[in-house]
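Below is one structure, written out as structure tokens; the observations come after it.
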Amino acid sequence: MTELRQELARASAMLDVRRYAEASALLARIVSAEPDSGRAWCLMARAHLGADRYRDAIDANKDLQKQMQDELDKRCGKSEGCQLAEGDKLVRDAVAAGKLPKVSWEKIIEHIDHAVKLVGADHVGLGSDFDGANMPYGMESAADLPKITDALVKKGYSDADIRKILGENTLRVMEQVEAVSRRMMTEPEHEMAGSKKK
């Protein structure tokens, strides 16, 4: 575990665990803890708003699941990249046909609000998958991001907390990861291996 932690630190790694199970999230937290401090320094990305709702609905409807998989196989064969892109199109088509729930961008605000209530505004950040995932309706591109700012203002968030959520928290974590990486690269190897005697 120590070697993996050192390599991640040297590479300034930030782990994205939103697609993994709880056990993997726990492992990521252990692996990414700064040596000797117990502080986690990885970015713990956990919410995938639209995709989880779609996946749950597809899993609950075996006929729809089979239809979509058959169509993907026909369009793409075994090409994983094609299946990802075409799968997103099929999901949008199924939503338009009323076969899957429509997830609106307001869900993002619900998730942010919930996370802030759980851990505080200093520990919540915003990211996106505009590069190919099914985003909630109304949040199809970065041009829609001001809606989030407006909604947070209407909910009574302070300007400082909004700035943190929209990027300052992520930048702070990235700077901390870089600092740990720089420090570990300059420390003698025996100190990085955790062999310091107390």
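Within the option set THR170, THR149, being closer than 23 Å to HIS123 by Cα, of a type in the set (S, T, N, Q), modelled with pLDDT of 95 or more and assigned to a helix (DSSP H, G or I) holds for one residue only, THR149. Checked against the criterion of being free of Cβ contacts under 8 Å to residues at least 24 places away in the same chain and buried (at least 17 other Cβ atoms within 10 Å of the Cβ), the range 65-81 has at least one qualifying residue.
Scanning the range 152-163 for residues that are surrounded by 13 or more Cβ atoms within 10 Å (Cβ to Cβ) and either modelled with pLDDT under 95 or part of a loop (DSSP other than H, G, I, E, B) (or both) gives a single hit, TYR157.
The values are calculated or read from the model by the stated rules, or taken from the named source; none is laboratory data. Here the structure is a predicted model, which means the values were calculated and not measured. Cβ atoms come from the backbone with ideal geometry, glycine included; neighbour counts cover every protein chain shown.
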